[in-house]
Each structure stands twice: as C-alpha cells, then as structure tokens.
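Some notes on the structure that comes next.
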Amino acid sequence: MTDSKNTATADLAELELLRGAMDAIRERIATVVVGQEEVVESLLIAILSGGHCMLEGVPGLAKTLLVQTLSETLSLSFARIQFTPDLMPSDITGTEVMQEDRATGERAFRFINGPIFNNIVLADEINRTPPKTQAALLEGMQERQVSVSGERHALPRPFFVLATQNPIEQEGTYPLPEAQLDRFLLKILLGYPGRDVEREVYRRYTMAPPPPPEAVLGGEELLAMQDLVRRIPMNDLVVEYALSLVRSTRRAEAEAPDFIKDWLMIGAGPRGGLAMLTAAKARAAMHGRPEATIEDVQAVARPALRHRMILSYSAEAEGQTADSVIDRLLAAVPVHATPGELGERVGQVLGS
C-alpha cells in the first residue's frame with residue numbers, strides 16, 4: 001500500500017506540473033491570439049494526446065497564426081507547408097538526389113528530408129492539393145515514418161500534423177477522403193469572434209505586433225506529459241458511456257435512436273471512441289484531475305466525432321449539422337454513473 005500511495009503522490013505532482021505548463025502556454029498564446037480560448041484548449045488536448053488536429057474556418061480567423069504561436073511556446077522544430085494544386089508528394093516527404101564525392105568521384109543517392117521531418121507540421125489549406133499529395137501525409141500521420149524508394153525514414157518525436165482548411169470555397173479544392181479525416185484525432189471549428197474580441201483584434205493589430213511568446217516546454221518534457229496522460233485511469237462506466245455514444249451513431253445498431261437512422265448515412269468507427277477517451281484523459285489532466293469522467297467525454301464529443309460521421313440528404317435538407325446531431329445524441333444516450341460512484345473510484349485509484 002505504501003508503494004501505491006507513493007506512486008499516487010508522484011502522479012499528482014506530475015499532474016500539477018502538467019496543469020501549470022498548460023496554463024502558462026495558454027497565457028502566452030493569449031498575448032498574441034485574442035480570444036479562441038476553447039479552440040486553444042482543444043489544440044492542447046490534441047497535443048497532450050499525441051494526436052493530429054484539423055482546424056476549419058473561413059479566412060481571417062487566425063488559424064495559421066494560432067498554430068505558429070502554439071509552436072513558439074514549445075521548443076520543437078516547426079515547418080509550414082502551403083498546400084497548392086501543383087504540390088507533389090516529394091515536396092512533403094523529401095526525395096533522393098544523386099551526389100558525387102569530389103575526392104573519389106563516386107556517386108551515390110542521398111535522401112534529403114522534406115518538411116514533414118519536423119515536430120510540428122502545419123498543413124496550411126490542406127484541401128487545396130490533390131488526393132495523391134494529401135495521401136503523402138497518411139503514412140507519416142499513422143506510422144510516424146515515411147517510405148521513399150523502399151527505405152523507411154523515422155519521423156522525429158513528438159510529431160504532430162496541424163492542418164487548416166477553408167469550408168466555404170469549393171472551386172479548386174479537394175475534399176479529404178474519410179480515411180484521411182479519420183487520422184485526425186480532433187476537428188476544431190473556428191467561428192467569427194464576438195464583438196468585444198473583434199474590437200480588441202482591431203486595436204492590437206493596428207499597432208506594433210506583439211513579441212513572440214517564450215517557450216514553455218521542450219520535446220522530452222512533452223513526451224513525459226503524454227506518457228502521464230496515457231496512465232490516467234478511467235472508470236469502466238466512462239468507457240461504457242463512450243462505447244454507447246459511438247455505437248449509437250450507427251444506424252444498423254439496435255441501440256441507435258430513430259433520428260440517427262434518419263440523419264446519418266455512416267456513423268463513427270472504433271477510432272472515434274478511442275479519440276473521445278484519449279482526449280477525455282488529456283482534458284482531465286489539463287484541469288489537474290486524476291481520472292477522466294463522463295463530463296470530459298461529453299466535452300470532447302463534438303471535436304472527436306464531427307468528422308467521423310456522414311449526414312444523410314434528409315438531415316442536410318432539414319438544416320442539421322454534425323454538431324447538432326451530436327448534441328441530440330448526448331441528450332439521448334443515458335448516463336448510468338453517479339458523481340458519488342466516480343468519486344469513490346478515484347479514491348481507489350489513488351490508493352487513499
């Protein structure tokens with residue numbers, strides 16, 4: 001029991017360090033990016049979960065600025081790739097070039113790393129390039145490696161792809177296939193700012209630009225925090241709740257509500273449930289809590305599921321969106337756990 005208590009105390013101390021670091025990152029981002037607190041939290045959840053993130057919003061909402069500022073708060077290498085219709089896969093992964101040794105005259109191929117060989121890769125306007133080039137990211141996102149000419153090249157750790165896309169322009173764009181969308185842990189939507197926030201943007205950016213924020217974390221520290229997030233326990237009731245949510249999005253399941261059968265053509269797969277639970281653990285850690293709860297699952301349900309469901313034509317005709325379907329699903333799926341039960345489970349996990 002003593003070892004259990006010592007381990008629990010160490011984990012709680014690590015959680016406090018993690019929460020302090022995340023708070024510091026948010027404060028530094030706020031000196032550059034006005035508002036967008038919920039978006040910043042979702043981005044940090046994805047980073048702590050070790051997952052990739054898609055940001056979608058109309059032009060001028062500081063998507064690129066937000067990702068660049070986040071990278072500056074982390075002592076990690078960063079690369080921005082502007083996706084265009086003529087971008088080739090080798091422009092992302094790198095390529096082999098013939099080099100000659102001047103001393104011996106011998107020639108040999110040498111692989112030159114592409115921009116994907118960085119800790120944080122900003123795939124700017126990812127839907128502006130053809131599927132062949134979009135697919136160049138798939139292996140890197142899933143396997144943390146790229147293959148060129150039969151050789152595998154490991155990507156650095158940690159590794160994140162943060163992609164942006166414009167939802168309103170359709171001409172000259174290539175919607176991402178479902179298989180690639182599923183590789184993103186979260187999809188974050190950026191809306192127009194409120195009046196007070198927009199006023200502050202005008203005031204701040206018509207004067208001298210703010211200095212870049214100082215770095216808070218390095219790569220090794222971030223990897224340790226990701227490991228801590230993986231060790232955060234979950235009550236079986238939380239897992240069962242996430243399972244019920246995901247299975248209820250599938251119209252063929254008996255537990256699916258009637259509105260799901262009318263509004264969804266395709267529901268979320270198991271990766272959607274894994275994304276919710278992983279993100280819920282990261283959210284709990286960010287708030288300094290030693291266990292993920294049902295509230296955490298509900299808080300991350302929208303960004304974890306919205307890109308993993310395909311609406312039916314009738315749903316679109318009725319003005320439904322993925323978010324409105326998820327909201328109704330959260331109201332329809334029952335919660336069987338009580339706060340008392342979860343509190344008791346936390347005590348057992350911490351050995352108290």
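Using Cβ point charges alone (K and R +1, D and E -1), the dipole size of the stretch 2-350 about the Cα centre works out to roughly 180 debye.
Would you give the gap between the C-alpha center of the stretch 14-55 and the C-alpha center of the stretch 246-314, rounded to a whole Å? Using only Cα atoms, the two centres lie 21 Å from each other.
Computed about the Cα centre, the dipole magnitude for the stretch 18-84 is approximately 180 debye when only Lys and Arg (+1) and Asp and Glu (-1) carry charge, each at its Cβ.
With the cut-off at 1.5 for a/c, could you classify the stretch 115-158 from its C-alpha gyration tensor as rounded, prolate or oblate? Since a/c reaches 1.5 but b/c is at least a/b, the shape of the stretch 115-158 is classed as oblate. To the nearest ten degrees, helix 322-332 and the longest principal axis of the Cα atoms of the chain are 20 degrees apart. For GluC sites (Glu not before Pro), the sites in the stretch 204-238 that DSSP calls loop and that have at most 16 other Cβ atoms within 10 Å are E214. Contact order, relative form, for the chain: 22 percent (alpha carbon pairs under 8 Å, 6 or more residues apart, mean separation divided by residue count).
The mean of 1/r over all pairs of different alpha-carbon atoms in the chain, once inverted, gives a Kirkwood hydrodynamic radius of 22.0 Å.
In a simple Cβ point-charge model (Lys, Arg +1; Asp, Glu -1; nothing else charged), the stretch 1-131 has a dipole of about 200 debye relative to its Cα centre.
Taking a ≥ b ≥ c as the square roots of the Cα gyration tensor eigenvalues, with a/c under 1.5 meaning rounded and otherwise prolate when a/b beats b/c, else oblate, which class fits the stretch 192-278? Since a/c reaches 1.5 but b/c is at least a/b, the shape of the stretch 192-278 is classed as oblate. Counted residue by residue at 0.36 nm each, then reduced by the alpha carbon distance between them, the extension gain from L138 to L181 reaches 14.5 nm. Within the shell of other residues whose beta carbon sits under 13 angstrom from the beta carbon of I326, the net charge comes to +3, with Lys and Arg scored +1 and Asp and Glu -1. Bridges between two residues of the stretch 2-350, per DSSP, are antiparallel at a rate of about 40%.
Tell me, what is the FRET efficiency for A24 and E318 to the nearest 0.05, using R0 = 45 angstrom and their Cβ-Cβ distance as r? So, using R0 = 45 Å, E works out to roughly 0.50. Between the residues Q134, I266, I188, the greatest Cα displacement towards the positive end of the dipole of the chain, with unit charges on the Cβ of Lys, Arg, Asp and Glu, is found for Q134.
Between R230 and A208, the simple label model (points 7 Å from Cα in the Cβ direction) yields a spacing of 4.5 nm.
In degrees, nearest 10, range 0 to 90: what is the angle between the Cα axis of helix 2-30 and the longest Cα principal axis of the chain? Compared with the principal axis, the helix lies near 60 degrees. Note on the chain: Lys pairs 8 or more places apart or on different chains, Cα atoms under 26 Å apart, count 7.
The modelled label-to-label distance between Q99 and V201, using points 7 Å beyond Cα along the C-beta direction, is 4.5 nm.
Rounded to the nearest 10 degrees, the inclination of helix 219-231 to the longest alpha-carbon principal axis of the chain is 30 degrees.
Computed from the coordinates by the stated procedures, all read-outs in this text should not be read as laboratory data. Source: prediction; values computed, not measured. Heads up, the Cβs are rebuilt from the backbone with ideal geometry, glycines too, and the neighbour counts pull from every protein chain shown.
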